[in-house]
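What follows is a single structure, written as structure tokens, with notes after it.
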Amino acid sequence: MPKCLDPLKLELECRLVDQEKAHESSTGSSDDRIMETDNTPNKISEAIVKCLSSIVVRMSNLKEKVEELESRETVFQDPYDIGLEFRKIDVGPYKHLCSIGIGSIDLNRTTSALNLINRLKFLLGKLASVNLEGLTHQEKLAFWINTYNSCMMKAFLEHGIPETPEMVVALMQKATIAVGGHSLNPITIEHFILRLPYHLKFTCPKAAKNDEMKARSKFGLEWSEPLVTFALSCGSWSSPAVRVYSATHVEEELEAAKRDYIQAAVGISSANKLIIPKLLDWYLLDFAKDLESLVDWICMQLPNELRNEAVKSLERRGTEPFSQLVQIMPYNFSFRLLLQR
């Protein structure tokens with residue numbers, strides 16, 4: 001005799017299926033309008049991020065999403081595993097994100113997303129022939145952030161999930177996306193278009209290839225935007241969330257991305273040390289001159305409760321080596337995408 005279904009579980013499953021149908025319907029109608037009337041680079045890039053995110057969600061495990069619906073309002077979350085359960089600090093908007101890990105995605109479940117995959121092919125065709133002439137700084141900024149994140153998500157669907165840090169780096173070199181007649185990979189988009197190649201000058205001065213410098217010359221921003229650190233996701237556990245960035249609000253959206261990531265990824269350890277993510281240590285020079293001034297900058301970004309705890313944990317400054325007051329969280333290359341619901 002079949003086991004009786006839990007009424008709450010059944011209700012949640014029905015609600016989830018209804019939400020997905022409604023989301024796919026609304027996504028489809030929105031993208032249809034883009035296909036018919038709006039071929040601007042920014043709208044195309046936004047539609048591709050939305051489409052790829054929907055495909056990833058459709059390929060993820062329904063049971064896990066149901067369990068997440070059951071628990072998301074009642075279970076305290078620690079998205080970057082920094083031990084927040086000891087202090088119960090609010091992680092902010094990150095607690096509402098959809099987390100897709102290696103155990104919850106089946107890349108062979110293409111039948112559940114056939115319409116979306118067809119729509120993606122159409123949009124990628126639009127992107128391949130898009131004209132980027134005359135874009136403002138804000139339009140370029142939003143466009144290339146969206147395109148970077150799309151390139152990474154597309155690579156997971158095409159090449160599979162990387163299992164080691166070396167495979168992540170190899171995938172970033174192998175992944176490509178066609179933009180306005182040029183084939184680009186995530187490394188070129190990040191370091192030669194979105195960022196001035198400042199860090200590369202000090203780490204690998206002869207590494208820049210001719211085509212990378214051509215991309216910099218043709219597509220690069222007029223000035224570097226450090227806040228892209230909080231917007232670019234390579235699909236690693238330690239990456240920030242994937243969001244859709246718009247030309248009209250990209251500066252406010254990047255500020256929100258910075259604030260939300262720092263709130264979720266910074267904490268106080270049981271040894272009363274300030275925990276900061278390796279991502280900020282890597283790009284320290286974008287925000288400060290040394291570790292101590294970086295910590296001061298981080299504290300300024302925190303919400304009041306967490307800021308007060310951080311300042312209190314740093315009161316030993318001057319009596320102990322500063323390095324003893326801070327714990328840098330190692331970067332975790334394990335696969336995960338944090339997507340907006």
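The values are calculated or read from the model by the stated rules, or taken from the named source; none is laboratory data. What you are looking at is a predicted structure, and each value in this text was computed from that prediction instead of being measured. For neighbour counting, all protein chains shown are included, and Cβ atoms are generated from backbone atoms with ideal geometry for every residue, glycine included.
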Test: residue 257 is in contact with a Leu (Cβ under 8 Å, 6 or more places away or on another chain), within 30 Å of residue 134 (Cβ to Cβ), surrounded by 21 or more Cβ atoms within 10 Å (Cβ to Cβ) and free of Cβ contacts under 8 Å to residues at least 40 places away in the same chain: yes
Do any residues in the stretch 171-186 that are touching a residue at least 40 places away in the same chain (Cβ under 8 Å) have Cβ atoms under 8 Å from those of residues that are of a type in the set (Ser, Thr, Tyr), where the two are at least six apart or on different chains, and which pairs are they? 177/147; 177/150; 177/183; 179/147; 180/129; 181/129; 186/148
For residue 339, work out the one condition from (1) surrounded by 16 or more Cβ atoms within 10 Å (Cβ to Cβ); (2) more than 30 Å from residue 106 (Cα to Cα); (3) not β-branched (Val, Ile, Thr) it doesn't fulfil. (2)
Scope the stretch 230-247; condition under 21 Å from residue 162 (Cβ atoms), among the polar types (S, T, N, Q) and in a loop (DSSP other than H, G, I, E, B); matching residues: 233, 238, 239
Restricting attention to the stretch 116-144, report how many residues are more than 25 Å from residue 57 (Cα to Cα) and either crowded, with 17+ Cβ neighbours inside 10 Å or among the aromatic types (Phe, Trp, Tyr) (or both). 6
Identify, please: which residue in the stretch 320-335 is of a type outside the set (D, E, K, R) and surrounded by fewer than 14 Cβ atoms within 10 Å (Cβ to Cβ) and is, among those, nearest to residue 107 (Cα to Cα)? 330
Checking residue 300 against (1) more than 20 Å from residue 83 (Cα to Cα); (2) of a type outside the set (S, T, N, Q); (3) surrounded by 12 or more Cβ atoms within 10 Å (Cβ to Cβ), the condition it does not meet: (3)
Among (1) more than 30 Å from residue 107 (Cβ to Cβ); (2) of a type in the set (Gly, Ala, Ser); (3) crowded, with 17+ Cβ neighbours inside 10 Å; (4) touching a Phe, Trp or Tyr at 6+ places or on another chain (Cβ under 6 Å), which single condition is residue 288 missing? (3)
Considering every residue within the stretch 102-110, establish whether at least one is assigned to a helix (DSSP H, G or I), in contact with a helix residue (DSSP H, G or I) (Cβ under 6 Å, 6 or more places away or on another chain) and at pLDDT below 95. yes
So, of the residues in the stretch 199-229 that are assigned to a loop (DSSP other than H, G, I, E, B), farther than 30 Å from residue 98 by Cβ and charged (D, E, K, R), which turns out to be modelled with the highest pLDDT? 222
